[in-house]
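This report concerns only the one structure given below.
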């Protein structure tokens, strides 16, 4: 974390660290609001990789500048090979939606579910491709990307929860953890994110 980025909540790192802050980099005005800022988990957590549902026919999402897309609960879960939201485009959801995708990029000022609540949208990344929310972009929901580098760039804002192989906040970007996501991303024991039903369109 650097240059005035912020986490409104706490940061958890791997188990067994006497000094948990040794596993983080927080500098140049970056802040974590919890006290203590960084804690070491009591035990190791398994982050299982994600695969698209068997038999799913996945398509690409490529929104042009200022274009919008609405996803509906009755057609969830969705499966995309890639998700690209270009400048000032928007993705919104009606109801509770799960999305499988190979990657996710939200370009300058693009927004994802900013009119909804974090628990309404969960994005599961099925590859090790980067996830990027770019300059002044906004995201409200959950991102589970255990094999990916997740980057929030200049002024990007995340409301919800994020799990990645690495997570980096740059230049005044922020993550606002929402406690409603705790049961969505419960990873205790052998549990993992899962979909209760699937409908092919």
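Residues that are more than 23 Å from residue 68 (Cβ to Cβ) and free of Cβ contacts under 8 Å to residues at least 24 places away in the same chain number at least 2 in the following strands (runs of 3 or more DSSP E) confined to the range 85-170: 138-152, 157-169.
I'd like the full set of residues that are outside any loop (DSSP other than H, G, I, E, B) and in contact with a strand residue (DSSP E or B) (Cβ under 8 Å, 6 or more places away or on another chain), limited to the range 21-35.
21, 23, 31, 32
Residues that are under 19 Å from residue 80 (Cα atoms) and surrounded by 19 or more Cβ atoms within 10 Å (Cβ to Cβ) within the range 120-139 comprise 120, 121, 122, 123, 124, 125, 126, 131, 132, 133, 139, listed in sequence order.
Among the residues of the range 59-78, those identified as assigned to a loop (DSSP other than H, G, I, E, B) and either outside the structural domain of residue 102 (by TED's automatic domain parsing) or more than 17 Å from residue 101 (Cα to Cα) (or both) are 64, 65, 66, 67.
Just one residue in the set 95, 102, 138, 188 is more than 25 Å from residue 74 (Cβ to Cβ), touching a strand residue (DSSP E or B) at 6+ places or on another chain (Cβ under 8 Å) and either outside the structural domain of residue 82 (by TED's automatic domain parsing) or modelled with pLDDT of 90 or more (or both); that residue is 138. With the condition kept exactly as written, say whether any residue in the range 56-70 is at pLDDT below 85, closer than 17 Å to residue 167 by Cα and surrounded by 11 or more Cβ atoms within 10 Å (Cβ to Cβ). Taking every residue of the range 56-70 in turn, none turns out to be at pLDDT below 85, closer than 17 Å to residue 167 by Cα and surrounded by 11 or more Cβ atoms within 10 Å (Cβ to Cβ).
The values are calculated or read from the model by the stated rules, or taken from the named source; none is laboratory data. As the structure is a computational prediction, the values presented were derived from the model and not from experiment. Positions of Cβ are generated from backbone atoms using ideal geometry, with glycine treated the same way; all protein chains shown enter the neighbour counts.
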